[in-house]
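Single-structure report; data block below.
The values are calculated or read from the model by the stated rules, or taken from the named source; none is laboratory data. This structure is a prediction, so every number in the text was calculated from the model and none was measured. Neighbour counts run over all protein chains shown; Cβ positions are idealised from the backbone, glycine included. Remember, those area values only see protein heavy atoms, side chains included, never the ligands or the DNA or RNA. Shrake-Rupley method; radii C 1.70, N 1.55, O 1.52, S 1.80 Å.
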Amino acid sequence: PEQTRDARVSISGQVLLEHQGRRETLSTISERAVTAAIARLTTNQAPWVAVLEGHGERRIDGEGPTDLGRFGQELDEHGFLVRHLDLATVADVPVNTHLALVSTPAIALFPGEAERLGEYIDRGGNLLWLLDPGPLNGLELLANQLGIRVLPGTVVDARAASLGLDTPAVAVITDFPDDALAGGLRGPALLPGAVAFETETAPGWSVTSFLVTGDDSWNETGRIEGDIFRDEVVGEQPGPLAVVLALTRPLGEDGRVQRVLLVGDGDFLSNAQIGSYGNRELGLRMLRWLSGEDGLLALPPDPDPAQGLTLEQEKRQLLGLGSLVLLPGFILTAGLAVRRFRGRG
């Protein structure tokens, strides 16, 4: 019993892996889970992901529909160490942070917190920033530091209806550039309640890649209800609109590159949305790009989902006839035959 508690084994069927004094206990047994555990155990130093919290941000370990718990599991599975970052209680972003993850706070940051994030960027830290419509609540300093401009309003896209969505306030990404960020992605990716960006940056930064919506989209600044249309007088711009910006900046002369990824929506990686269409695949590709191929474990791909069985109309009718008429008739006939045979005996 003591060994069981020490190994954190609580149910039958769990597997304990040990390597050089390190151990992991697996509840789900699959090629992907075992490969990920072995890779983590043999990695000398797992990269840290510092997740900003303390002001109503999306929780990386939360189970609510708007939280990022499922994405946090992906981080853990791919060899990252997730660490909560409350800049109201610590003096600075830890120097061993490989990546900072920032979502839009519900309440404004306290004085000095945004400055600490700015100092992290000045040191060359990588950043994944998930924005949402509305005020930045203290992160304006970070936006000015990167030189980004958020377009007013919320992105609406006419293609959302073709995907069965009941609201046009979803940025639909179907065209992916063939580059390190998005090359090979199949999509589509859905960003509900997204904002769009201008593609200009501060001096020293370069836009390495960006993902855009379709032609039938714009940034709606009014209420999204009933029949809506683009009003260019109030600054509503036609698509394509950039909803993901990948920024880079050279660090010194040794070839190192700083990476910042701005996403105009935090919902697409939420528990409720990460499984929609190509959202999870895009999220993992973002991790790979931010890591520069370092720190992201190479895992076996997920098994392809089982293909659905599609029958033609005639075959469906034949199947219905067999199950509703022929099979019951056969059972009834067999029962009568058995009864008659026993009656003769």
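Odds and ends about this structure:
- Segment Arg23-Arg149, extension gain: residue separation times 0.36 nm, minus the distance between their alpha carbons: 40.7 nm
- For Leu326 and Leu163, the FRET efficiency from 1/(1 + (r/R0)^6), where r spans their Cβ atoms and R0 equals 41 Å, is about 0.55.
- Here, P(r) means the percent of Cα pairs in each 10 Å bin from 0 to the largest distance; for the range 178-281 it is 13, 37, 33, 14, 3, 0.
- Accessible area of the chain belonging to carbon and sulfur atoms, whole % at 1.4 Å probe: 53
- For the chain, the share of DSSP beta bridges that are antiparallel, to the nearest 5, is 60%.
- With Cα atoms, 0 to 90° folded angle of helix 31-41 axis to the chain main axis: 30
- On Cα atoms only, tilt of 327-344 relative to the major axis of the chain in degrees: 30
- The angle separating the long axis of helix 279-291 from the principal Cα axis of greatest extent in the chain is about 40 degrees.
- Each other residue within a Cβ distance under 12 Å of Leu211 adds +1 if Lys or Arg and -1 if Asp or Glu, for a net charge of -2.
- When DSSP beta bridges are restricted to pairs lying wholly in the range 71-226, around 65% turn out antiparallel.
- Globularity ratio of the range 70-201, using Cα Rg and 2.2 N^0.38 Å: 1.20
- Annotation: amide H of Gly193 within the under-5 Å range of Val170, Ala171, sequence separation 5 or more or interchain, hydrogens built in the peptide plane.
- With q set to 0.20, 0.25 Å⁻¹, the log10 of I(q)/I(0) for the range 225-295, from the Debye formula over equal scatterers at the Cα positions, is -0.98, -1.15.
- Value of Rg to Rh for the chain (Rh from inverse mean 1/r over Cα pairs, i.e. Kirkwood): 1.13
- Most fluctuating residue given options Ile228, Ile331, Ile107, as computed from a GNM of the chain linking Cα atoms under 10 Å: Ile331
- Couplings 3J(HN,Hα) for the range 4-10, derived from phi with the Karplus relation 6.51 cos²θ - 1.76 cosθ + 1.60 (θ = phi - 60°), are 5, 5, 5, 8, 6, 9, 10 Hz, where x marks Gly and Pro.
- Kirkwood Rh and Cα Rg combined as Rg/Rh, the range 77-133: 0.95
- Here the extension length gained between Asp231 and Lys315 equals 25.1 nm, from 0.36 nm per residue of separation less the Cα-Cα distance.
- Applying 1/(1 + (r/R0)^6) with r as the Cβ-Cβ distance of Glu63 and Ala180 and R0 = 45 angstrom yields a FRET efficiency of 0.85.
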